[in-house]
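Chemist: For reference, the structure I am asking about is given below.
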Amino acid sequence: TAKDEAEDAQSVAGSSDSATVEDELPEDEELTPELVEEEAIRGDFMLRWASIFLALLFGFSQISDTRTLVHVRSGDQMKANGFLPAGTDTLSYAIEGQPTANVSWLFDHVISAVYSAGGEMGLTLFKALAAGLVAYLLSLISVSGMPTWWNSICCVLAVGAMSIDFLPITDLATLVGLVTVLLILHRYTEGNAGGLLWKLPLTMAVWANFDPHAYLGVIAIGLFAVGIQLQRSRSENQGDGPLVEASPVWKATAISMIALLINPAPLASAMSVVATYGVEYPV
């Protein structure tokens, strides 16, 4: 009947109106400082981990440097003939049997063990994880209480520049060691001065047995001490507030120089800067 049709039309209209109400978007949320800060923290977090995952991606690359084979065979020989490196060269046709110093002997042990356990895939995974570690430590070097988005952008640029060294060779140890030293120094400027006189020398002692370029860490600590000293001199003339002390960093520089000697070939470890710029790079 006409009455029934009218009731049906009203019910359909009512259901469509209720569906329209349900489909409407919620009211705009008021923008508060707390909400802005929360979104900024979330964005900083995503950018930071994006830089780390980018480093991991660069780490999964082809291994084409033949120095990796030298590290593997050197580690194999040390395992077969004791733990410490031999005092003569056994892997070169040119200088076989002549006295030589293997400063990066611990790195050879690690690469040999990784290759024995996982082969080529193990080496690839190892260098990818090391690259991610470098990016993670680098991302921690930021001013406390400040947004980290700019630091993450700089980290991405640094990862792109370092990607050529994401290989299972001693250059990878150079990156890990240097970023560790810089992080310790940065935390000192942030007020975390505890253990500076043992953290830096210990880092240098370990680094000196993994990489012949460990002297870069000593140079970085020394330049950092110079920078703090100059900053204090300028601030005292301008009447600024108290700054971090330069004396502990100078002491850490001296102790770190001594830490370079903690190596089976202490003289070669201390003079590796001469070998790098006098022999290795010219060749």
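The values are calculated or read from the model by the stated rules, or taken from the named source; none is laboratory data. None of these values were measured; they are calculated from a predicted model. For neighbour counting, all protein chains shown are included, and Cβ atoms are generated from backbone atoms with ideal geometry for every residue, glycine included. For accessibility, only protein heavy atoms count, side chains too; no ligands or nucleic acids. Shrake-Rupley method; radii C 1.70, N 1.55, O 1.52, S 1.80 Å.
Chemist: Which residue out of SER144, SER139, SER74 is open to solvent by less than 60 Å² (accessible area, probe 1.4 Å) and more than 12 Å from the chain's Cα centre (by Cα)?
Modeler: SER74
Conditions (1) within 22 Å of THR189 (Cβ to Cβ); (2) free of Cβ contacts under 8 Å to residues at least 40 places away in the same chain; (3) open to solvent by less than 90 Å² (accessible area, probe 1.4 Å); (4) aliphatic (A, V, I, L, M), marked per residue:
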{"site": "VAL218", "(1), (2), (3), (4)": "yes, no, yes, yes"}
{"site": "ALA246", "(1), (2), (3), (4)": "yes, yes, yes, yes"}
{"site": "ILE258", "(1), (2), (3), (4)": "no, no, no, yes"}
{"site": "PRO264", "(1), (2), (3), (4)": "no, no, yes, no"}
{"site": "ALA275", "(1), (2), (3), (4)": "no, no, yes, yes"}
{"site": "GLU280", "(1), (2), (3), (4)": "no, yes, yes, no"}
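Condition check ((1) more than 23 Å from ARG73 (Cβ to Cβ); (2) modelled with pLDDT under 90; (3) not in a helix (DSSP H, G or I)) across all residues:
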| site | (1), (2), (3) |
| --- | --- |
| GLU120 | no, no, no |
| THR124 | no, no, no |
| SER144 | yes, yes, yes |
| GLY160 | yes, no, no |
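Chemist: Going by the conditions given, is LEU133 under 22 Å from PHE224 (Cα atoms), of a type outside the set (Phe, Trp, Tyr), in contact (Cβ under 8 Å) with a residue 24 or more places away in the chain and part of a helix (DSSP H, G or I)? Step through it out loud before you land on a result.
Modeler: Working: under 22 Å from PHE224 (Cα atoms): no; of a type outside the set (Phe, Trp, Tyr): yes; in contact (Cβ under 8 Å) with a residue 24 or more places away in the chain: yes; part of a helix (DSSP H, G or I): yes.
Criteria not met by LEU133.
Okay, residues lined up against (1) touching a Ser or Thr at 6+ places or on another chain (Cβ under 6 Å); (2) of a type outside the set (Asp, Glu):
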| position | (1), (2) |
| --- | --- |
| TYR188 | no, yes |
| PRO201 | yes, yes |
| ASP211 | yes, no |
| VAL218 | yes, yes |
| LEU223 | no, yes |
| ARG234 | no, yes |
| LEU243 | yes, yes |
| MET257 | no, yes |
| SER272 | no, yes |
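Chemist: Got a sec? Which of LEU172, LEU183, LEU167, LEU178 is surrounded by fewer than 20 Cβ atoms within 10 Å (Cβ to Cβ) and either among the polar types (S, T, N, Q) or at pLDDT 90 or above (or both)?
Modeler: LEU183
Chemist: Counting only residues that are within 21 Å of PRO266 (Cα to Cα), hydroxyl-bearing (Ser, Thr, Tyr) and in contact with a Leu (Cβ under 9 Å, 6 or more places away or on another chain), how many does the stretch 62-112 have?
Modeler: Residues that pass the stated criteria total 1.
Chemist: Considering only residues of the stretch 105-124 that are small (Gly, Ala, Ser) and open to solvent by 40 Å² or more (accessible area, probe 1.4 Å), which is nearest to TRP207 (Cα to Cα)? Steps first, answer last, please.
Modeler: If we filter the stretch 105-124 for residues that are small (Gly, Ala, Ser), which is where we start, we get 112-113, 116-119, 122.
Narrowing further to those that are open to solvent by 40 Å² or more (accessible area, probe 1.4 Å): 113, 116-117.
Working: ALA113: 18, SER116: 23, ALA117: 23 Å.
So, considering only residues that are small (Gly, Ala, Ser) and open to solvent by 40 Å² or more (accessible area, probe 1.4 Å), the one nearest to TRP207 (Cα to Cα) is ALA113.
Chemist: Also: From LYS79, LYS127, grab the single residue that is open to solvent by less than 50 Å² (accessible area, probe 1.4 Å) and among the charged types (D, E, K, R). Show your work before the answer.
Modeler: Details: LYS79 fails: open to solvent by less than 50 Å² (accessible area, probe 1.4 Å).
From the options LYS79, LYS127, the qualifying one is LYS127.
Chemist: Restricting attention to the stretch 218-237, does a residue exist that is at pLDDT 90 or above, touching a helix residue (DSSP H, G or I) at 6+ places or on another chain (Cβ under 7 Å), not aliphatic (A, V, I, L, M) and not in a helix (DSSP H, G or I)?
Modeler: no
Chemist: Looking at TRP198 and the list (1) over 26 Å from SER51 (Cα atoms); (2) of a type in the set (Phe, Trp, Tyr); (3) open to solvent by less than 40 Å² (accessible area, probe 1.4 Å), which single condition is not satisfied?
Modeler: (3)
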